[in-house]
Protein chains: 2
Amino acid sequence: MTPPATAFAAGSTEPSRAAGQLRIYSMRFCPFASRSLLVLLAKEIPHEVVNINLASKPEWYLGKSPSGKVPLLENDGVLLPESMVISEYLDETCSGRKLLPQDPYKKALDKVFLESFVFSPIFKVYFNKEQYAEGFDAFWSNAAVVEDELKKRGMKFLGGNDKPGFTDLMIWPFFQIAIGLTTLYADLKIPREKYPLIASWIDSMSSTPEVMKLVNQDHLAEYMRLKIAGNANYDLGL
Amino acid sequence: MTPPATAFAAGSTEPSRAAGQLRIYSMRFCPFASRSLLVLLAKEIPHEVVNINLASKPEWYLGKSPSGKVPLLENDGVLLPESMVISEYLDETCSGRKLLPQDPYKKALDKVFLESFVFSPIFKVYFNKEQYAEGFDAFWSNAAVVEDELKKRGMKFLGGNDKPGFTDLMIWPFFQIAIGLTTLYADLKIPREKYPLIASWIDSMSSTPEVMKLVNQDHLAEYMRLKIAGNANYDLGL
């Protein structure tokens, strides 16, 4: 049976999983879960999504993931946390187009770039709503490494001219949160003049099939508004 | 010509490098540089080490590494920072025994484990010497994940019964600093009773060829003493 799209909460029963069916535990507005979902979508890997209510975690989920975090990948004999590790594992083991470069040096440079991109300030808004502008500004200050990298690589995406690569998909969900903030706060604007290459990249990313399938940007903004108000709704838009 | 073992400082000339000669830029007491050196030693990869004076960085080095950090790997067409990225790149591209598991799931679990190990408190001693006991205690509190992992894996090393694997080598340099602290401060002791498996692991690691070739523990402790006093000596023991 296909699990419902609404989020599982405490007191729920674990949905049964058919052998060989790859499952991802997610929360629809979590940027870390989005990373792994983007990889599944970009590689067109058949999978089922089980959404978790992070404010009231199912007991059976805590048995799989003691921290209760998402994403978590489950497959026959596989139970794997950590968005970046899951994403690389999926790219390595599943068919579909390769997202990471196959050349070891180029792959290593992608990892160095991912280490250099600090996205954490964007979360200030969830934990201290008074600091929304400060977190937004600090995020964009750190985003200079993305502008530089786009310039250095000279391509539409970090991963090539045709389609997003691994690095594009790993950083995109944090830009979606930044975009969400601009719809919540009229005083915030994407610094398109300061970062013209990121501005074009956002436009290009927004029209890729994987991003268009991922999450409705209006739902994300509304989720953020409610979450900031202390009233997260994990089933929003369903 | 083989570069001298003493550290290069501002005003120095870049030592010439023969084509095909793998070079690692290092600082002899830096735990991050130690990670990559341990990989080179464990895999018996021919290499030359160029030591950098981190208090007076050579201009030519800042041209290669704008942050001036170590380690940095240099080879024909390759210039790669970040200890963990360098280490994985060396394991992937160089001959010698494989340090990471070749099974993608086991490799992913190793990376999840490495993400879970927080070593940063040990550095408090360098940046705020008043907090040496606090940093030491916090380091050991975080080390519980290592004790748990050794118990779960049930082997002499995290990477097997015979020899250290990738995870062992990545975390070892931070334990060396913790050991160094116990020789500097009489009130600090390795919590051998609380962490019996880590205690055995330290003994096993200490007698591996790669660790024995890496750094003299007495020199490390003396380096730490001078560094804490604000008087780092990068050529100590040479």
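Tabulated values for the structure
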{"quantity": "Reference-scaled alpha-carbon Rg (2.2 N^0.38 Å with N residues) for the stretch B:23-93", "calculated": "1.02"}
{"quantity": "Largest to smallest accessible area among B:Arg17, B:Arg225 [probe 1.4 Å]", "calculated": "B:Arg225, B:Arg17"}
{"quantity": "Residue pairs, from the table A:Lys106/B:Lys57; A:Lys163/A:Lys189; A:Lys106/B:Lys124; B:Lys43/B:Lys129, whose Cα atoms sit over 30 Å apart", "calculated": "A:Lys106/B:Lys124; B:Lys43/B:Lys129"}
{"quantity": "Space enclosed by the convex hull of the alpha-carbon atoms of the protein assembly as shown, per residue, Å³", "calculated": "172"}
{"quantity": "Taking N as its residue count, the alpha carbon Rg of the stretch B:104-207 over 2.2 N^0.38 Å", "calculated": "1.07"}
{"quantity": "Share of alpha-carbon pairs per 10 Å distance bin for chain B, given as whole %", "calculated": "7, 31, 36, 21, 4, 0"}
{"quantity": "Peptide A:103-115, shielding by other chains (average Cβ, 10 Å cutoff)", "calculated": "5"}
{"quantity": "Amide H within-cut-off set for A:Leu100, under 5 Å, with H built and near neighbours excluded", "calculated": "A:Phe166"}
{"quantity": "By average C-beta atoms within 10 angstrom, highest first, the peptides A:101-109, A:140-148, B:49-57", "calculated": "B:49-57, A:140-148, A:101-109"}
{"quantity": "Other copies of A:Ser95: label-to-label distances in nm, shortest first, labels 7 Å along the beta-carbon direction", "calculated": "3.6"}
{"quantity": "Cα-projected label distance for A:Ala5 with A:Leu114, points at 7 Å along beta-carbon direction, nm", "calculated": "2.8"}
{"quantity": "Separation between Cα centres of the stretch B:176-199 and the stretch A:181-225, rounded to whole Å", "calculated": "50"}
{"quantity": "Note, ³J(HN,Hα) from phi for the stretch A:69-77, Karplus 6.51, -1.76, 1.60, rounded to Hz, x at Gly and Pro", "calculated": "6, 10, x, 9, 9, 10, 8, 4, x"}
{"quantity": "Computed E for A:Tyr126/B:Asp218 - FRET, C-beta separation, R0 60 angstrom, nearest 0.05", "calculated": "0.80"}
{"quantity": "Top of A:Ile190, A:Ile86, A:Ile171 by mean-square fluctuation, Gaussian network on chain A, Cα under 10 Å", "calculated": "A:Ile190"}
{"quantity": "J(HN,Hα) series, the stretch A:183-189, from Karplus relation 6.51 cos²θ - 1.76 cosθ + 1.60, nearest Hz, glycine and proline x", "calculated": "7, 8, 10, 5, 7, 9, 9"}
{"quantity": "Built amide H within the under 5 Å cut-off of B:Lys163, gap 5+", "calculated": "none"}
{"quantity": "For the stretch B:146-217, diffusion coefficient by Stokes-Einstein and Kirkwood Rh (Cα), 10 °C, 1.306 mPa s, µm²/s", "calculated": "125"}
{"quantity": "Cα centroid separation - the stretch A:147-161 against the stretch A:43-114, whole Å", "calculated": "25"}
{"quantity": "Local electrostatic count at A:Ala221 - Lys and Arg +1, Asp and Glu -1, tallied over other residues with Cβ under 14 Å", "calculated": "+1"}
{"quantity": "Table column - 3J(HN,Hα) (Hz), the stretch B:109-124, Karplus curve with 6.51, -1.76, 1.60, x for Gly and Pro", "calculated": "5, 4, 5, 4, 4, 5, 5, 7, 8, 9, 9, 4, x, 5, 7, 3"}
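The values are calculated or read from the model by the stated rules, or taken from the named source; none is laboratory data. Computed from a predicted model, the values in this text were never measured in an experiment. Heads up, the Cβs are rebuilt from the backbone with ideal geometry, glycines too, and the neighbour counts pull from every protein chain shown. Surface accessibility is based on the protein's heavy atoms, side chains included, excluding ligands, DNA and RNA. Shrake-Rupley method; radii C 1.70, N 1.55, O 1.52, S 1.80 Å.
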